[in-house]
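S.K.: Take this structure first; my questions come after.
The values are calculated or read from the model by the stated rules, or taken from the named source; none is laboratory data. Please read all numbers here as calculations on a predicted model, not as lab measurements. So basically every Cβ, Gly included, is an ideal-geometry build from the backbone, and we count neighbours across all protein chains shown. Surface accessibility is based on the protein's heavy atoms, side chains included, excluding ligands, DNA and RNA. Shrake-Rupley method; radii C 1.70, N 1.55, O 1.52, S 1.80 Å.
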Amino acid sequence: MKLYEYLAKGRLKEHGIPVPPGRLCHTADEVAEAVKEISPAAVKAQVLVGGRGKAGGIKFAETAEEGRKVASEILGMNLKGYIVEQVYVEGKIDVEREFYVSATVDRNERRPLIMASAHGGVEIEDVEDKYIVRRHVDEAFGMSSYLARDIAAEMGLSGDIKEQVAQIIQKLYEVFRAEDAELVEINPLVVSQGKVIAADARLNIDDAALFRHKGLPEVAEGTELEQRVKEIGLAFVQLDGDIAVMANGAGMAMATLDALQHFGGRPANFLDAGGGASVEPTAQAMGVLVGMKPKAIFVNIFGGITRCDDVANAIVQVKRSTGIPVPLVVRLVGTNEQEGVDILRREGIDAFREMSEAAQRAVAVAGEGR
Amino acid sequence: MAIIIGDETRVVVQGMTGNQGSFHTGQMLAYGTKVVAGTSPSKAGQEHQGLPVFASVREAVQERGANASIIFVPAAGAKDAAFEALDAGCKVVVMIPEHVPVQDSILIVEYARFKGAVLIGPNTFGLISPGKSKMGIMPNHIYKPGPVGLVARSGTLSYEIAAALSDAGLGQTTAVGMGGDPVVGQVFNDVLHLFERDAETKACVLVGEIGGSAEEEAAEFIKTMTKPVVAYLAGRAAPAGKRMGHAGAIIERGRGTLESKRLALEAAGATVVEMPWEVAPAVKKLLG
């Protein structure tokens, strides 16, 4: 889960990383008050989309009046599909230099990775590899101060700035561990009047670890429908085609989309009904697919833990309650296959054995393909 | 031969008395896996599925000679369970749970390295050496003994491919689930090393996915392999994966896409097929 900038900065500050003074505001009046204390100030929309500045989500104010004016412009605005409900009023800083530092997980090494560069700022993705310092941390032993100093030195820094950056790197790693982060990124980390300050920060918390971090405000991501399906507990992504898809297991769901596309079809969604879905969630998932009003529905199940009879019963349940008003193609093999096929047959639904045949059929009944 | 598990594997099931643990203990026993004990702190001293339930893995090792553990405890307790198994001397630890915090997984991987144990998962379907032993939740009937080494990220997709291989008369030495999480014990590279050394494995199948760069890493090793490798990569039509700020983009630097994986694998000499049902015919062709 991504944290809003103000929360991310709050976490950095708790761990002793310098951040500009700031205050979260919900109304133009609050912003006017805040700007009286923090001036000159940047008024920043709190939404989780990149490129806020360019889209008009960051404006500057020196007086309460200016604060009120820019706040009324930003609050309520639609920023790339998100309505701005809160702004962060933050002291504007004079930037002398911009650095980049982050802590993340290196999936290949299976260790935390610190990345740092003296060439920071928004263009970091274009910085050449040779200007990016990468060091792994042995999580069993943690971050040592020598390692942090090493990284700062390798960035090409010296003197007091090097010392400050080294301390920040050490604390960055503390944040990474303490907050169960997938990513902590300070970009840019700036030098302003001799002080190194985190000017912008990103903190993504591992969803799987949220049980250890209660009380965080939930940030809704994705479309309304995606959020609704997420509440059922299923992985779901909307796509722009018109064949609704359900499969079990993420890999299988991806392969199913690939197969449809291979035969010229256009999948409407990615839906992983889970490796061991029982009747009820499967029926709910089917209900969602029906509600999408697709041209066809393709169910592709290879029963492992998932039992084919459970899937068949879920389909029958939906057919009897809400009806399935579009062509349905089912591919069903694996555990309790015969039971599942029989249940469907009694309802007049045929099931395929071969994935390729079933995918072709789904594309054909949707009126697509070559 | 097979890799990682075989006739000598003696399994303790951590969390044996829960729903999943209980069901899959039965399935493993039915397959012929030498399951020797289970653990459950609250049900120690009882019998379950005809096996003794101990309070700790250490007792299962001492009293029943367990040398491998499969973990079915909830994600929040998975790290502790894994440490317990590694500490008790289990040389193979299979972690079924999904949603294990990644920082826990990093520590588990480190500890497994330190103990010289093979860690499979978390978020894996496990592994199976057909005809010998299985530690996992895969269906029993789709595998056959034979010459193909199979390694996959994803469960159901690998079942699909294993079943197609078996139907084509291409049995497997071992099928290994790498696990779907960002941080897992054994990656493609590690498993391919084992298959390369295994005398009975004549060809390898790699079932990869978009995201991460384990496939690209594997390609580096495939260059040096003497055995043919067939790869299927899922995710051609999939939505772009979760992009982790700039850091993700910098780490991968253009890797992690399906195209980069395909190019890397092909350059290494692997046969990359487009659809899952093309895997078995491709293996058949390579084995002649």
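S.K.: When the range A:167-188 is examined, which residues are found to be hydrophobic (A, V, I, L, M, F, W, C) and surrounded by 21 or more Cβ atoms within 10 Å (Cβ to Cβ)?
M.R.: Correct list: A:ILE168, A:ILE169, A:LEU172, A:VAL175, A:PHE176, A:ALA181, A:VAL184, A:ILE186.
S.K.: Given the structure, is B:GLY155 within 9 Å of chain A (Cβ to nearest Cβ) and open to solvent by 10 Å² or more (accessible area, probe 1.4 Å)?
M.R.: yes
S.K.: Can you name the residue in the range A:237-248 that is in a strand (DSSP E or B) and open to solvent by 20 Å² or more (accessible area, probe 1.4 Å) and, of all such residues, is farthest from the other protein chains (Cβ to nearest Cβ)?
M.R.: A:GLN238
S.K.: Still on this structure, I have one more. Kindly indicate whether A:LEU172 is touching a strand residue (DSSP E or B) at 6+ places or on another chain (Cβ under 6 Å) and part of a helix (DSSP H, G or I).
M.R.: So A:LEU172 passes the test.
S.K.: Restricting attention to the range B:27-83, report how many residues are among the charged types (D, E, K, R), touching a Ser or Thr at 6+ places or on another chain (Cβ under 7 Å) and free of Cβ contacts under 8 Å to residues at least 60 places away in the same chain.
M.R.: Selection size over the range B:27-83: 1.
S.K.: Mind telling me which of the residues A:ILE124, A:ILE114, A:ILE151 ends up being under 30 Å from B:VAL109 (Cα atoms), out of contact with any Gly (no Cβ under 9 Å at 6 or more places or on another chain) and within 11 Å of chain B (Cβ to nearest Cβ)?
M.R.: The unique qualifying residue is A:ILE114.
S.K.: So which of B:GLU217, B:GLU196 ends up being surrounded by fewer than 24 Cβ atoms within 10 Å (Cβ to Cβ) and either assigned by TED's automatic domain parsing to the domain that holds B:PRO74 or out of contact with any Lys or Arg (no Cβ under 8 Å at 6 or more places or on another chain) (or both)?
M.R.: Testing whether each residue is surrounded by fewer than 24 Cβ atoms within 10 Å (Cβ to Cβ) and either assigned by TED's automatic domain parsing to the domain that holds B:PRO74 or out of contact with any Lys or Arg (no Cβ under 8 Å at 6 or more places or on another chain) (or both) leaves just B:GLU217.
S.K.: Which of the residues spanning the range A:256-273 are of a type outside the set (Phe, Trp, Tyr), in contact (Cβ under 8 Å) with a residue 24 or more places away in the chain and either buried (at least 22 other Cβ atoms within 10 Å of the Cβ) or in contact with a Ser or Thr (Cβ under 7 Å, 6 or more places away or on another chain) (or both)?
M.R.: Passing the criteria: A:THR256, A:ALA259, A:LEU260, A:GLY265, A:PRO267, A:ALA268, A:ASN269, A:LEU271, A:ASP272, A:ALA273.
S.K.: Within the range A:342-370, which residues are within 18 Å of A:ARG320 (Cβ to Cβ) and open to solvent by less than 40 Å² (accessible area, probe 1.4 Å)?
M.R.: Answer for the range A:342-370, where residues must be within 18 Å of A:ARG320 (Cβ to Cβ) and open to solvent by less than 40 Å² (accessible area, probe 1.4 Å): A:ILE343, A:LEU344, A:ILE349, A:ALA351.
S.K.: Residues to consider are A:GLY251, A:GLY274, A:GLY287; find the one that is outside any strand (DSSP E or B), in the same structural domain as A:GLY334 (by TED's automatic domain parsing) and more than 27 Å from B:PHE125 (Cα to Cα).
M.R.: A:GLY287
S.K.: Tell me, please, whether a residue that is in contact with a Lys or Arg (Cβ under 9 Å, 6 or more places away or on another chain), buried (at least 19 other Cβ atoms within 10 Å of the Cβ) and closer than 24 Å to A:ALA45 by Cα can be found in the range A:109-131.
M.R.: Checked the range A:109-131: at least one residue is in contact with a Lys or Arg (Cβ under 9 Å, 6 or more places away or on another chain), buried (at least 19 other Cβ atoms within 10 Å of the Cβ) and closer than 24 Å to A:ALA45 by Cα.
S.K.: What about B:LYS144, is it away from chain A (no Cβ under 11 Å), under 27 Å from A:ARG307 (Cβ atoms) and surrounded by fewer than 24 Cβ atoms within 10 Å (Cβ to Cβ)?
M.R.: yes
Matching residues to (1) within 14 Å of B:THR9 (Cα to Cα); (2) not aliphatic (A, V, I, L, M):
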site: B:HIS48; (1), (2): no, yes
site: B:GLN62; (1), (2): no, yes
site: B:PHE72; (1), (2): no, yes
site: B:CYS90; (1), (2): yes, yes
site: B:ILE137; (1), (2): no, no
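S.K.: Right, here's the next one. Helices (runs of 4 or more DSSP H) wholly in the range B:132-225 with at least 3 residues that are hydroxyl-bearing (Ser, Thr, Tyr) and either under 15 Å from the mean Cα position of the chain (by Cα) or at pLDDT 95 or above (or both) - which ones?
M.R.: B:155-167
S.K.: Right, another one. If you scan the range A:283-315, which residues turn out to be within 11 Å of another protein chain (Cβ to nearest Cβ) and at pLDDT 95 or above?
M.R.: Hit for the range A:283-315 is A:ASN300, nothing else.
S.K.: Could you check the range A:189-204 and list, in sequence order, the residues that are open to solvent by less than 20 Å² (accessible area, probe 1.4 Å), of a type outside the set (Val, Ile, Thr) and either out of contact with any Pro (no Cβ under 8 Å at 6 or more places or on another chain) or at positive phi (or both)?
M.R.: A:LEU189, A:SER192, A:ALA201, A:LEU203, A:ASN204
S.K.: Restricting to the range B:263-288, and then to whatever is in a helix (DSSP H, G or I) and in contact with a Phe, Trp or Tyr (Cβ under 8 Å, 6 or more places away or on another chain), can you tell me which residue is nearest to the other protein chains (Cβ to nearest Cβ)?
M.R.: B:PRO276
S.K.: In the range A:290-320, what residues are aliphatic (A, V, I, L, M) and either surrounded by fewer than 21 Cβ atoms within 10 Å (Cβ to Cβ) or part of a helix (DSSP H, G or I) (or both)?
M.R.: A:VAL290, A:MET292, A:VAL311, A:ALA312, A:ALA314, A:ILE315, A:VAL316, A:VAL318
S.K.: Any idea which of A:ALA209, A:ALA198 is within 11 Å of chain B (Cβ to nearest Cβ) and either in contact (Cβ under 8 Å) with a residue 40 or more places away in the chain or farther than 10 Å from A:ALA103 by Cβ (or both)?
M.R.: A:ALA209
S.K.: Given the conditions (1) within 12 Å of chain B (Cβ to nearest Cβ); (2) without any contact (Cβ under 8 Å) to a residue 12 or more places away in the chain, and given that A:SER278 satisfies all but one, which numbered condition is not satisfied?
M.R.: (2)
S.K.: A further question follows. Return yes or no: is A:VAL191 under 27 Å from A:LEU216 (Cα atoms) and in contact with a strand residue (DSSP E or B) (Cβ under 6 Å, 6 or more places away or on another chain)?
M.R.: Taking the combined requirement at face value, the residue does not satisfy it.
S.K.: Filter the range B:229-252 down to residues that are out of contact with any strand residue (DSSP E or B) (no Cβ under 8 Å at 6 or more places or on another chain) and at the interface with chain A (Cβ under 7 Å from one of its Cβ atoms) and give me whichever is modelled with the lowest pLDDT.
M.R.: Here the answer is B:ALA249.
S.K.: Among all residue pairs at least 6 apart or on different chains, which show Cβ distances below 9 Å where the first residue, located in the range B:156-185, is within 20 Å of A:ARG307 (Cβ to Cβ) and the second is charged (D, E, K, R) and buried (at least 24 other Cβ atoms within 10 Å of the Cβ)?
M.R.: Short answer, once both residue conditions are applied: B:LEU157/B:GLU209; B:GLY177/B:ARG153.
S.K.: A:LYS36: of a type in the set (D, E, K, R), free of Cβ contacts under 8 Å to residues at least 12 places away in the same chain and either out of contact with any Leu (no Cβ under 7 Å at 6 or more places or on another chain) or open to solvent by less than 40 Å² (accessible area, probe 1.4 Å) (or both), yes or no?
M.R.: Judged against the criteria, A:LYS36 is not a match.
S.K.: Please verify whether the range A:321-339 includes one or more residues that are under 22 Å from B:TYR159 (Cα atoms), open to solvent by 10 Å² or more (accessible area, probe 1.4 Å) and among the aliphatic types (A, V, I, L, M).
M.R.: Taking every residue of the range A:321-339 in turn, none turns out to be under 22 Å from B:TYR159 (Cα atoms), open to solvent by 10 Å² or more (accessible area, probe 1.4 Å) and among the aliphatic types (A, V, I, L, M).
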